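Data first, discussion second: the structure below is written as structure tokens.
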Amino acid sequence: MGNQIQNTPSVRLIGILYVFVIILAGFSQGYVREGIFVAGDALNTSENILENEGLFRLGLMTDLLAFLLDAIISVMLYLLLKPYGKTLALISSSLRLLAHPAIGTLNLLNHYLALHVLKSEPLSLSFNQDQIASLSHLFMDAHSYGYLIAGAFFGIHCLLLGVQLFQSAVFPKFLGILMFFAGLGYLIETFGDFAFPGNEALFAWIVGISAALGEVTLAFYFLIKGSKIKSV
């Protein structure tokens, strides 16, 4: 088959969409929530949310857009890789659909509710400021745990995607290896945070490095080299 893939979507288009997902999700999680959320400090977190309400709302919208694009990527990856194992491609893409388009999107309710309770007039009549701030902080905590749960599904997807890329004989094997280790990184963070609390910074560093090497490399390889992988 050489470097040709039969009846598949544009590899470069997948790369373009993937780059957008990385930028959008990185902005919402790495810039908006990381900059606003103060672990263990409900009052400062609530003040940050209210003082940066527009940014906080923008973070939700960019996350939602990233998840919508990720749903498209999931289908396109299935079409791209099913010639090299239809069942494995279906399982892999299904897990990606569950991770962010499903679990991640539903988890955005926690992001929104963290703001909503701070601006709710009925709640302000029944609870004092500290209690409302604590409730908002709880929703932010819930969002972070929801992100971890989605990460377990996404981690297995990355593992399987790595296997598919490695076995395809079309893409460089290093892409498969990097994506496999990206998947391990996501799984280490998810199960590590739940099983070994207090080590969140270490696990975040592990997934940050592994995901950056795997996903960013894959996205830009598809974007730059995609036109050389011809559909017939």
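The values are calculated or read from the model by the stated rules, or taken from the named source; none is laboratory data. Model, not experiment: these values are computed from the prediction. Using ideal geometry, Cβ is built from the backbone for each residue, glycine included, and neighbour counts are taken over all protein chains shown. Quick note on the areas: whole protein, heavy atoms, side chains included, nothing else; ligands and nucleic acids left out. Shrake-Rupley method; radii C 1.70, N 1.55, O 1.52, S 1.80 Å.
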Exercise. Is it the case that some residue within region 187-210 is of a type in the set (D, E, K, R) and within 19 Å of L81 (Cβ to Cβ)?
Worked result: no
For this session: Say whether the condition of being in a helix (DSSP H, G or I), within 16 Å of the chain's Cα centre (by Cα) and over 21 Å from V32 (Cβ atoms) is met by at least one residue in region 108-128.
Result: no
Exercise. Within the set of pairs 6+ apart or on separate chains, which have a first residue in region 25-38 that is without any contact (Cβ under 8 Å) to a residue 24 or more places away in the chain and closer than 25 Å to S134 by Cβ, a second that is of a type in the set (F, W, Y) and in a helix (DSSP H, G or I), and C-beta atoms under 7 Å apart?
Worked result: I36/F56
Problem set entry | Where a residue in region 75-89 is under 12 Å from L161 (Cβ atoms) and hydroxyl-bearing (S, T, Y) and its partner, wherever it lies, is open to solvent by 70 Å² or more (accessible area, probe 1.4 Å) and in a helix (DSSP H, G or I), with Cβ under 9 Å and at least six apart | Y78/K86; Y78/L90; Y84/Q167
For this session: Scan (1) surrounded by fewer than 19 Cβ atoms within 10 Å (Cβ to Cβ); (2) of a type in the set (A, V, I, L, M); (3) within 14 Å of the chain's Cα centre (by Cα); (4) within 19 Å of L223 (Cβ to Cβ) for the single condition I16 breaks and write down its number.
Result: (3)
Exercise. Which of the following residues is without any contact (Cβ under 8 Å) to a residue 40 or more places away in the chain, loosely packed, with under 15 Cβ neighbours inside 10 Å and over 24 Å from L55 (Cβ atoms): I209, I188, I177?
Worked result: I209
Exercise. Open to solvent by 50 Å² or more (accessible area, probe 1.4 Å) and among the acidic types (D, E): does that describe E53?
Worked result: no
For this session: Can you tell me which residue among S136, S94, S74 is open to solvent by 10 Å² or more (accessible area, probe 1.4 Å) and hydroxyl-bearing (S, T, Y)?
Result: S94
For this session: Name every residue in region 213-223 that is within 15 Å of the chain's Cα centre (by Cα) and more than 15 Å from L159 (Cα to Cα), in order of residue number.
Result: V216, A219
Problem set entry | Unmet requirement for A89, which otherwise passes all of (1) open to solvent by less than 10 Å² (accessible area, probe 1.4 Å); (2) over 30 Å from V170 (Cα atoms); (3) not charged (D, E, K, R) | (2)
Exercise. Given (1) open to solvent by 70 Å² or more (accessible area, probe 1.4 Å); (2) under 18 Å from L118 (Cα atoms), where does G59 come up short, assuming only one miss?
Worked result: (1)
For this session: Only one of these is closer than 20 Å to F37 by Cα and in contact with a Phe, Trp or Tyr (Cβ under 9 Å, 6 or more places away or on another chain): F154, F139, F166. Name it.
Result: F139
